[in-house]
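J.: Quick one: structure below, then a few questions.
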Amino acid sequence: MVQFFKNLVKNKVMLFMVLPGAIWFFFFSYLPLVGTIVAFKQYRFSREGFWASIAKSEWVGWKNFKFLFTTDDAFIITRNTLLYNIAFIFLGLVLSVAMAILLSELVSKKMAKIYQTGMFLPYFLSWVIVGYFAFSFLSLDRGMLNQILGWFGAEPIQWYSEAKYWPYILILVNLWKAVGYSSVVYLASIMGIDKSLYEAAMIDGASKWQQIRSITIPMLSPIIIIMTLLAVGRIFYADFGLFYQVPRDSGTLYSVTNVIDTYVYRGLKTTGEIGMSTAAGLYQSVVGFILVMVSNFVVRKIDKDSALF
């Protein structure tokens with residue numbers, strides 16, 4: 001115990017530095033964990049307050065989880081959530097790394113900053129604004145794509161009624177919005193690579209592609225693994241704005257746009273059962289935790305230094 005307090009005093013400066021983050025995590029991440037009990041109750045609001053509402057609500061056990069697994073849409077929403085996230089992780093990784101490498105190879109650093117800022121900007125746009133951008137392209141009457149099709153004599157497409165196009169549209173919109181932000185992480189890692197490695201490679205006659213393949217990508221592999229592990233942890237989460245705002249909640253597109261988050265939201269609007277939405281969130285968190293632990297265990301077996309923990 002004495003040694004414990006000595007370590008506290010010794011590291012007091014570092015502890016004070018992490019104190020604001022620790023307080024934030026306590027109030028917004030750990031304290032709300034108590035509320036997961038709502039997933040096992042038929043929550044009913046009481047005028048006596050939140051805790052009284054939880055205490056007086058009927059215990060229903062696993063009944064709320066049946067909302068996700070026993071409906072006809074269970075397979076569709078699970079399939080959509082998984083497949084979209086797999087596409088986002090794989091394509092986002094490839095494009096983000098490629099974009100970071102291209103930016104690092106630009107001779108003019110001023111132009112590199114301009115390109116980086118232009119790519120970074122979409123990340124800060126809300127999905128509502130992005131949804132209107134998409135509508136300006138896909139509108140039946142005034143959409144840019146239908147006007148271009150008209151120039152070639154083709155019939156306009158009712159984009160918001162044709163489900164077959166939307167897997168590609170959603171993946172494209174997500175990549176446009178997210179790749180610029182992700183590439184910054186990899187670009188910062190590239191900037192930290194020892195330049196003498198490239199100089200030695202050039203002396204040996206290595207081409208630019210050989211330098212990228214033999215130096216840049218191997219040096220980026222630890223951060224690539226970490227970012228992928230973090231993304232795997234959210235593979236059962238879907239970006240609500242992307243799947244709700246961009247397709248404009250069109251019912252004819254539910255077969256390809258309905259994911260766990262949008263399904264729970266619509267169910268909450270219809271039934272008002274908070275316990276069901278809490279159960280869905282708990283299910284997503286537990287599965288994500290398991291996936292991260294398993295993935296990290298596999299990585300540790302292959303390369304201990306590249307593991308997340």
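The values are calculated or read from the model by the stated rules, or taken from the named source; none is laboratory data. Every value quoted in this text rests on a predicted model; they were computed, and no experiment measured them. Counting neighbours? That spans all protein chains shown, and the Cβs are built from the backbone with ideal geometry, glycine included. Only protein heavy atoms, including side chains, enter the accessible area calculation; ligands, DNA and RNA are left aside. Shrake-Rupley method; radii C 1.70, N 1.55, O 1.52, S 1.80 Å.
J.: For segment 204-287, what is the Kirkwood hydrodynamic radius in Å, using each pair of distinct C-alpha atoms? Could the numbers behind the result be given before it?
T.: Values: mean 1/r = 0.0622 Å⁻¹.
After inverting the mean inverse Cα-Cα distance, the result is 16.1 Å.
J.: Return the Cα extents of segment 111-173 along principal axes one, two and three, sorted largest first, each rounded to a whole Å.
T.: 41, 23, 18
J.: Accessible area of R79, 1.4 Å probe, to the nearest 10 Å²?
T.: Accessible area of R79: about 80 Å².
J.: Right, next: Give me the net charge for the shell around F135: Cβ to Cβ below 13 angstrom, other residues only, Lys and Arg +1, Asp and Glu -1. Kindly include the intermediate steps, with their values, before the conclusion.
T.: Details: positive: R142, R248; negative: D141, D249.
Computed value for this residue: 0.
J.: Whole-Hz Karplus ³J(HN,Hα) for segment 292-298, in order, using 6.51 cos²θ - 1.76 cosθ + 1.60 and θ = phi - 60°, x for Gly and Pro?
T.: My calculation for segment 292-298 gives 5, 5, 5, 4, 5, 4, 5 Hz in order.
J.: Take S189, S183 and sort them by solvent-accessible surface of the protein heavy atoms, 1.4 Å probe, largest at the top.
T.: Working: S189 35, S183 0 Å².
Most to least solvent-accessible, the answer reads S189, S183.
J.: Rounded to whole Hz and in sequence order, give me ³J(HN,Hα) for segment 4-11 from the Karplus expression 6.51 cos²θ - 1.76 cosθ + 1.60, θ = phi - 60°, writing x for Gly and Pro.
T.: 4, 5, 5, 5, 4, 5, 5, 9
J.: Given a 1.4 Å probe and the protein chains all in place, what does the accessible area of E162 round to, in Å² to the nearest 10?
T.: Using a 1.4 Å probe on the heavy atoms, I get roughly 70 Å².
J.: With a point put 7 Å past each Cα toward its Cβ, work out how far L19 is from M293 in nm, to one decimal.
T.: My value for the distance between the label points is 3.3 nm.
J.: Could you give the Stokes-Einstein D for segment 49-169 in µm² per second, using the C-alpha Kirkwood radius, 10 °C, 1.306 mPa s? Walk me through the intermediate numbers first.
T.: Working: Rh = 19.6 Å.
For these conditions, the coefficient is 81 µm²/s.
J.: In sequence order, what are the phi-derived ³J(HN,Hα) couplings for segment 203-210 according to the Karplus relation 6.51 cos²θ - 1.76 cosθ + 1.60 with θ = phi - 60°, rounded to whole Hz, with x for glycine and proline?
T.: 5, 7, x, 6, 6, 4, 5, 5
J.: Follow-up question, since we're still on this one. Mind listing the long-range amide H neighbours of K41? Cut-off is under 5 Å, sequence gap 5 or more, other chains count too, H placed in the peptide plane at 1.01 Å from N.
T.: V60
J.: Could you tell me which of the pairs K41/K269; K66/K269; K177/K304 are separated by over 21 angstrom between their Cα atoms in the structure shown? Walk me through the intermediate numbers first.
T.: Values: K41/K269 18 Å; K66/K269 18 Å; K177/K304 33 Å.
Pairs exceeding the cut-off: K177/K304.
J.: Run the accessible area of the chain with a 1.4 Å probe and give the carbon-and-sulfur part as a rounded percent. Walk me through the numbers before you get to the answer.
T.: Working: 13420 of 19340 Å².
For the chain, the apolar C and S fraction of the accessible surface comes to 69 percent.
J.: Taking every alpha carbon pair in segment 202-247, what does the distance histogram look like in 5 angstrom bins from 0, in percent?
T.: 5, 17, 14, 12, 11, 11, 10, 9, 5, 3, 2
J.: Let me ask something additional. Label points 7 Å out from Cα along the Cβ direction at T70 and V128: separation in nm?
T.: Those two pseudo-labels are separated by 3.8 nm.
J.: Semi-axes of the equivalent ellipsoid of segment 82-142: what are they in whole Å, largest first, if each equals the square root of 5 times a C-alpha gyration tensor eigenvalue? Mind dumping the intermediate values first?
T.: Working: eigenvalues 146, 71, 20 Å².
For segment 82-142, the ellipsoid semi-axes come out as 27, 19, 10 Å.
J.: Here's a follow-up. Take the Cα atoms of the chain, build their convex hull, and give its volume per residue in Å³.
T.: Numbers: hull volume 72.2 nm³, N = 309.
That works out to 234 Å³ per residue.
J.: Can you tell me how much longer the chain between L102 and A154 gets when fully stretched, taken as 0.36 nm per residue apart minus their C-alpha distance, in nm with one decimal? Can you show the working numbers first?
T.: Working: separation 52, 0.36 × 52 = 18.72 nm, distance 3.70 nm.
Between L102 and A154, full extension yields 15.0 nm more.
J.: Another question, then. Please compute the length gained on full extension between K304 and V60, using 0.36 nm multiplied by the number of residues separating them and subtracting their Cα-Cα distance. Intermediate values should be presented prior to the final figure.
T.: Details: separation 244, 0.36 × 244 = 87.84 nm, distance 4.33 nm.
The K304-V60 span can extend by a further 83.5 nm.
J.: Mind jotting down the distance between the C-alpha centroids of segment 18-43 and segment 229-254, whole Å?
T.: Between the Cα centre of segment 229-254 and that of segment 18-43, the gap is 24 Å.
J.: A further question follows. From the Cα trace of segment 257-299, what convex hull volume per residue do you get, rounded to a whole Å³? Numbers along the way, then the final one.
T.: On the way: hull volume 2.2 nm³, N = 43.
So the per-residue hull volume is 50 Å³.
J.: Out of every Cα pair in segment 12-82, what percent are spaced more than 13 Å from each other?
T.: On the way: 1863 of 2485 pairs.
So the portion of pairs separated by more than 13 Å is 75 percent.
J.: Sticking with this structure for a sec: Taking 2.2 N^0.38 Å as the expected size of a compact globular protein, what ratio does the Cα radius of gyration of segment 110-223 give against it, to two decimals? Mind dumping the intermediate values first?
T.: Numbers: Rg = 20.7 Å, N = 114, 2.2 N^0.38 = 13.3 Å.
Here the Cα radius of gyration is 1.55 times the empirical estimate.
J.: With a 1.4 Å probe and all protein chains left in place, how much accessible area per residue does the chain have, in Å²?
T.: Working: 19340 Å² over 309 residues.
On a per-residue basis, 63 Å².
J.: Shifting gears a bit: First measure r as the distance between the Cβ atoms of S161 and T271, then evaluate 1/(1 + (r/R0)^6) with R0 = 30 Å and state the FRET efficiency to the nearest 0.05.
T.: Details: r = 28 Å, r/R0 = 0.92.
Given R0 = 30 Å and the Cβ-Cβ separation, E is 0.60.
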